[in-house]
Amino acid sequence: MSEKDMNDENKITLVDDDGNETSYDILFTFDSEDYGKSYILLVPADAEPEEQVDVLAFSYDPNQDEEGEDFDLNEIDDDAEWQMVEDVLDTFLNDENMQ
């Protein structure tokens, strides 16, 4: 999935290679000085509040489209980078003040 469409402040629609659209809620975004990238973490829009779901994580360039319409989401391929994202997610999930 490579395109992002901001259709609401906290929702996006991802379009896969076959043109299928799936809606997601933005869990949170953050920047990493170590990797010089911005990251976005997503959960399915139709997930129930207490439901266990897979969280999708991508890096992206927040300045790519100043109108907030479409921009590319980049998969995280590096194991160390992925571990950093998981650590940030764990901190978010375990810190009630961040939710």
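A compact table of results
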| quantity | calculated |
| --- | --- |
| Simple label model, 7 Å out from Cα along Cβ direction - SER38 to GLU86, nm | 2.6 |
| Separation in nanometres of the label points that stand 7 Å from Cα toward Cβ, at ASP95 and ASP77 | 3.1 |
| Extension reserve of the GLU51-ASP17 stretch, reckoned as 0.36 nm per residue once the Cα distance is removed | 9.5 nm |
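No value in this document is a laboratory result; all are computed from the given coordinates. If you're wondering where the values come from, they're calculated on a predicted model, not measured in any experiment. Note that each Cβ is placed from the backbone with ideal geometry, even for glycine, and that neighbours are counted across all protein chains shown.
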